[in-house]
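Novice: I am attaching a structure below and will ask some questions about it afterwards.
The values are calculated or read from the model by the stated rules, or taken from the named source; none is laboratory data. For clarity, every value in this text was computed on a predicted model and none was experimentally measured. Every residue, glycine among them, receives a Cβ derived from its backbone with ideal geometry; neighbour counts consider all protein chains shown. Note: areas computed on protein heavy atoms with side chains; ligands, DNA, RNA excluded. Shrake-Rupley method; radii C 1.70, N 1.55, O 1.52, S 1.80 Å.
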Amino acid sequence: MTKSKKMTIIALTCFLMTVALSIVASAQDYPWGAEETAFFMGLGLTVCLILIIVPLVIAILACIWIYKDAEKRGKQGILWVLLLILAAIFLSFIGLIIVIVVWLAIRPPVGGEKKEQDRRCPNCGRSIPMDAKACPYCAKKFEE
Ligand SMILES: [Zn+2]
């Protein structure tokens, strides 16, 4: 079961419990009336929203962002999403922030890992190392 499914079930359970409690409270002769019941229902929903839905949305947005950013930079997006989810499960928001900061620190530039830079000998046209002082093929010396 994915995290989002789990969270949805938790949110739904919270919501149903709030509704059930409100019904029980109004059916029995509790000291509070309809207005208070409505207030507690609203409070329950607000708590659901703040505690579950908002972090869930933030986590999903973070997953989407890290996936797209990783793929754009030639990395396995799904691995980073898994890392993000694991960190979020074990460390909550701190884990989320740690993974994002680590990713920002180590991510390669857009377009994937830096490709072997292309430098060609002006004399023979063959690919030569960037720091070559002379062409390894035709022995032409470069001066700068
Ligand atoms: Zn050459």
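Novice: Could you tell me the convex hull volume per residue, in Å³, taken over the Cα atoms of the chain?
Specialist: Convex hull of Cα atoms, per residue: 147 Å³.
Novice: Here is a follow-up. Rounded to the nearest 0.05, what FRET efficiency do ALA38 and ILE58 give with R0 = 35 Å and r taken as the Cβ-Cβ distance? Could you check?
Specialist: Calculated transfer efficiency: 0.75.
Novice: Let me ask something else. Is it possible to state the helix-based mean residue ellipticity at 222 nm for the chain, with each DSSP H run of 4+ residues giving -39500 (n - 2.57), the sum divided by total residues, to the nearest 500 deg cm²/dmol? What is it?
Specialist: Computed mean residue ellipticity for the chain: -21500 deg cm²/dmol.
Novice: In percent, how large is the relative contact order of the chain, given Cα pairs closer than 8 Å and 6 or more residues apart?
Specialist: 14
Novice: Let me ask you something else. When you take every Cα atom in region 60-144, what is the radius of gyration, and what is Dmax, the widest Cα pair distance, in Å?
Specialist: Answer for region 60-144, Rg first and Dmax second: 20.7, 60 Å.
Novice: Return the subset of LYS75/LYS133; LYS75/LYS141; LYS5/LYS75; LYS72/LYS133; LYS6/LYS72 for which the Cα-Cα distance in this structure is over 32 Å, preserving the input order.
Specialist: LYS75/LYS133; LYS75/LYS141; LYS72/LYS133
Novice: May I pose another question? Given H placed on each backbone N at 1.01 Å, which residues far from ARG119 in sequence or on other chains put an amide H within less than 5 Å of it?
Specialist: Residues meeting the amide H criterion: ILE128.
Novice: Given the protein chains as shown and a 1.4 Å probe, how many square angstrom of MET41 are accessible, to the nearest 10?
Specialist: 60
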